[in-house]
Amino acid sequence: MHLAHLRLRDFRNYARLDLDLSPGFHLLIGNNAQGKTNILEAIYLLATLRSFRGAGGAQMTRHGRAGYFVGGNVIGQGEHEVKMYWSSQARRLTLDGRAVRKLADYFGTFRAVVFCTEDLQLIKGAASRRRRFLDLLLAQTHPTYLALLQRYTRALRSRNALLKRRLLDAVALESFTHELLATGSQLIQHRRELMPRFSPLARLAYRRIATDEEELRLEYQPSVQNDFAVELAQSRSRELALRSTVVGPHRDEIRLLLEARSAAQFASEGQKRSIAIALKMAQAEYLTGIHGTAPVLLIDDIMGELDAKRRGGLLPLLGRAHRARSQVFMTVTREDWPAELGRDLTRWEVEAGIVKLAES
Ligand SMILES: Nc1ncnc2c1ncn2[C@@H]1O[C@H](COP(=O)(O)OP(=O)(O)OP(=O)(O)O)[C@@H](O)[C@H]1O
Ligand SMILES: [Mg+2]
């Protein structure tokens with residue numbers, strides 16, 4: 001799978017950009033604040049419809065403009081053309097010229113995994129970060145997961161809104177409870193099934209890149225212990241007191257353990273960084289295993305920070321992506337990429353929102 005063409009209009013610091021892209025390894029070289037990460041952000045947006053920096057549409061629109069456009073040609077199972085337009089008035093997403101009505105229909109088109117400094121929040125941040133990571137992985141591998149998650153989220157919001165009213169509408173509450181249980185049970189099931197498959201990949205990835213001998217394990221801690229319906233009913237007095245739904249997969253935790261101890265509490269900074277990379281490597285491996293083709297890898301800033309051992313651990317993944325004619329995009333500020341990568345790279349120079357092939 002690879003992106004054959006990227007087109008940007010009024011996206012971040014790009015007034016217009018049209019890039020033809022081959023499979024293989026792309027290095028984006030440039031000084032700080034020139035627009036390297038912005039390109040990765042646009043590619044990730046095409047894959048997930050989200051910014052990995054958590055930015056909204058207004059933030060990604062070039063200053064002084066009304067909206068942005070990001071388009072791409074993706075070659076995977078056949079060729080597809082994706083177009084996204086955003087402004088405060090209108091949003092459009094088309095796939096091969098047709099409006100996308102259900103996001104779930106779109107999600108399999110293009111898969112990407114991003115490695116960035118924000119990944120550290122997977123370890124240090126709130127449980128919602130880890131749930132989002134899991135949800136993305138499940139959306140990237142199960143055609144029905146995203147729709148299920150959206151239904152659950154809607155039912156949860158409506159239910160919480162009802163709980164906040166002074167007079168409880170028991171009939172309406174019952175109907176949202178029904179929807180919550182139906183969709184929530186399936187979310188739990190998906191997450192439960194994923195964990196024993198994913199955790200060993202993360203363990204292996206950690207072993208490859210970490211400088212210590214400790215073992216990484218992921219543990220799913222569902223908010224629901226046995227029976228969602230029973231536990232939700234039992235929580236009634238608490239939810240009336242707190243005016244919000246206190247049991248369900250929106251309260252799930254995914255614990256990251258090093259030698260059975262909480263990584264958030266006990267791991268060193270270096271270990272946390274290695275765990276973050278291991279999770280992303282495992283995500284890429286898992287997607288490759290399920291779909292038979294590697295996702296596009298977007299690597300922002302992290303390589304320069306890694307020592308030789310950790311770089312060495314990441315290289316096989318990059319090498320495999322390269323050999324499988326998949327694609328890797330990597331940003332660097334100086335051209336100090338170690339020789340182990342070889343010379344078979346496309347090098348782009350990024351300067352003030354202009355991208356040019358580097359002279360060799
Ligand atoms: N909405 C926007 N409109 C115009 N310019 C923007 C917008 N958002 C960000 N920029 C500009 O984009 C540039 C930053 O781009 P980017 O984050 O891609 O830099 P970078 O090349 O990755 O730098 P670094 O090496 O520091 O990470 C900055 O100059 C910033 O002012
Ligand atoms: Mg950057």
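None of the figures in this text is laboratory data; all of them are computed from the coordinates on show. All of these numbers come straight from a predicted model, not from anything done at the bench. So basically every Cβ, Gly included, is an ideal-geometry build from the backbone, and we count neighbours across all protein chains shown.
Available extension along the chain between Arg243 and Arg261 is 3.1 nm, counting 0.36 nm per residue and deducting the alpha carbon span. Couplings for the stretch 35-52, taken from phi via the Karplus curve 6.51 cos²θ - 1.76 cosθ + 1.60 with θ = phi - 60°, read x, 5, 5, 4, 5, 4, 4, 5, 5, 5, 4, 4, 7, 10, 6, 9, 8, 6 Hz in order; Gly and Pro are left as x.
About its Cα centre, the chain has a charge dipole of approximately 1100 debye under the convention of +1 per Lys or Arg Cβ and -1 per Asp or Glu Cβ, with nothing else charged. Remark: the chain is approximated by an ellipsoid whose semi-axes, taken from the C-alpha gyration tensor as √(5λ), come to 37, 26, 18 Å, largest first.
In plain terms, the chain from Ala358 to Ala127 could stretch by 78.9 nm, reckoned as 0.36 nm per residue minus the Cα-Cα distance.
Suppose R0 equals 25 Å. What FRET efficiency, 1/(1 + (r/R0)^6) with r the Cβ-Cβ distance, do Leu95 and Ala15 give to the nearest 0.05? List each step's numbers first, then the result.
Values: r = 26 Å, r/R0 = 1.02.
E(calc), rounded to 0.05, equals 0.45.
Packing, taken as the mean count of other beta carbons within 10 Å per residue, orders the peptides 328-334, 350-356 from highest to lowest as 328-334, 350-356. Residues in the stretch 87-103, backbone N under 20 Å from the label point at Arg157 (7 Å along the Cα-to-beta-carbon vector): list them, ranges by number please. From the stretch 87-103, the list is 87-93, 100-103. For the chain, DSSP calls about 70 percent of its internal beta bridges antiparallel. Of interest is the spacing of the C-alpha centroids, which for the stretch 1-50 and the stretch 192-226 amounts to 32 Å.
Classify the stretch 62-141 from the C-alpha gyration tensor, please: rounded if a/c falls under 1.5, else prolate or oblate depending on whether a/b exceeds b/c. Oblate, because a/c is 1.5 or more while a/b does not exceed b/c.
The modelled label-to-label distance for the pair Leu103/Glu269, using points 7 Å beyond Cα in the direction of Cβ, is 3.5 nm.
Extension gain Glu118-Ser235, at 0.36 nm per residue separation less the Cα-Cα distance, in nm?
Between Glu118 and Ser235, full extension yields an extra 38.6 nm.
Per residue, the Cα convex hull of the stretch 177-265 amounts to 108 Å³. Peptides 277-285, 316-324 ranked from most to least packed by the mean count of surrounding Cβ atoms within 10 Å: 277-285, 316-324. Under 9 Å from the Cβ of His5, count the other residues' Cβ atoms, weight Lys and Arg +1, Asp and Glu -1, and hand me the total. Local net charge: -2. If a spin label sat at a point 7 angstrom from the Cα of Ser88 along the line to its beta carbon, the backbone N atoms of the stretch 7-23 nearer than 17 Å would be those of 12.
If you count Lys pairs in the chain whose Cα atoms are under 27 Å apart, skipping same-chain pairs closer than 8 places in sequence, the total is 16. Cβ-Cβ distance of Asn32 and Arg65, R₀ of 35 Å, FRET efficiency by 1/(1 + (r/R0)^6): the value works out to about 0.90. Using a simple spin-label model with pseudo-atoms 7 Å out from Cα toward Cβ, Ala182 and Arg251 lie 2.3 nm apart.
With the simple model of a label 7 Å out from the Cα in the direction of the Cβ, Ser22 to Val171 spans 6.8 nm. Sorted largest first, the principal axis extents computed over the alpha-carbon atoms of the stretch 210-346 equal 64, 34, 26 Å.
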